[in-house]
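Chemist: Let me begin by handing over the structure; questions about it come next.
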Amino acid sequence: MILEQLPLARQVEIVFRQVREELSLLSSGSVFIQIRNNVIGKFGVRHLPMESKGGIISQQEMGLSESQFMSFKEMAIDSLKYKNSWTHGEILFDFTVKKSVLFASVQFESNYNLASLAKSV
């Protein structure tokens with residue numbers, strides 16, 4: 001499979017397929033993808049394995065359900081329409097489940113290289 005030929009939305013779908021099992025064990029965290037030339041390179045999940053409630057450390061509760069996972073994945077794919085013109089950077093998809101309700105957000109980080117801009121000036 002040649003990633004350069006796949007649309008970014010399809011690449012995000014592949015990322016979520018890869019991290020699906022891990023997300024089923026987490027009730028909060030972030031999925032990150034790093035993009036270079038509109039191709040996803042490094043990706044993964046950031047999370048805290050334990051939480052403190054009332055000063056007592058406990059493991060997280062159940063992770064994302066199947067329907068929550070599908071909603072999260074669709075939100076991530078839909079968010080790509082807000083990615084404008086940049087080809088290098090990172091996208092961070094944050095999520096948390098509170099009282100069985102999924103809350104999610106997205107953050108874009110665009111990266112530029114002044115050395116490559118200097119060649120075209």
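The values are calculated or read from the model by the stated rules, or taken from the named source; none is laboratory data. Remember, it's a predicted structure, so these values are computed and weren't measured experimentally. Neighbour counts are summed over all protein chains in view; Cβ atoms, including those assigned to glycine, are modelled from backbone coordinates with ideal geometry.
Chemist: Can you tell me which residue among L80, L64 is over 28 Å from Y112 (Cα atoms) and in contact (Cβ under 8 Å) with a residue 12 or more places away in the chain?
Modeler: L64
Chemist: Related question: Can S110 be described as over 14 Å from the mean Cα position of the chain (by Cα), surrounded by 11 or more Cβ atoms within 10 Å (Cβ to Cβ), modelled with pLDDT of 95 or more and of a type in the set (S, T, Y)?
Modeler: So S110 fits the description; yes.
Chemist: Which one of these is part of a strand (DSSP E or B) and touching a His at 6+ places or on another chain (Cβ under 6 Å): G29, G41?
Modeler: Answer to the check: G29.
Chemist: Go through (1) touching a strand residue (DSSP E or B) at 6+ places or on another chain (Cβ under 9 Å); (2) under 18 Å from Q11 (Cα atoms) one by one and return the number of the condition G63 breaks.
Modeler: It fails just one condition, (2).
Chemist: Among what's in segment 70-107 and is basic (K, R) and assigned to a helix (DSSP H, G or I), pick the residue that is surrounded by the most Cβ atoms within 10 Å (Cβ to Cβ).
Modeler: K73
Chemist: Separate question: Select, from K98, K42, K73, K53, the only residue that is basic (K, R) and touching a helix residue (DSSP H, G or I) at 6+ places or on another chain (Cβ under 9 Å).
Modeler: That would be K73, the only listed residue that is basic (K, R) and touching a helix residue (DSSP H, G or I) at 6+ places or on another chain (Cβ under 9 Å).
Chemist: Against the condition of a type in the set (A, V, I, L, M) and either assigned to a strand (DSSP E or B) or modelled with pLDDT under 90 (or both), how does M62 come out, does it pass?
Modeler: yes
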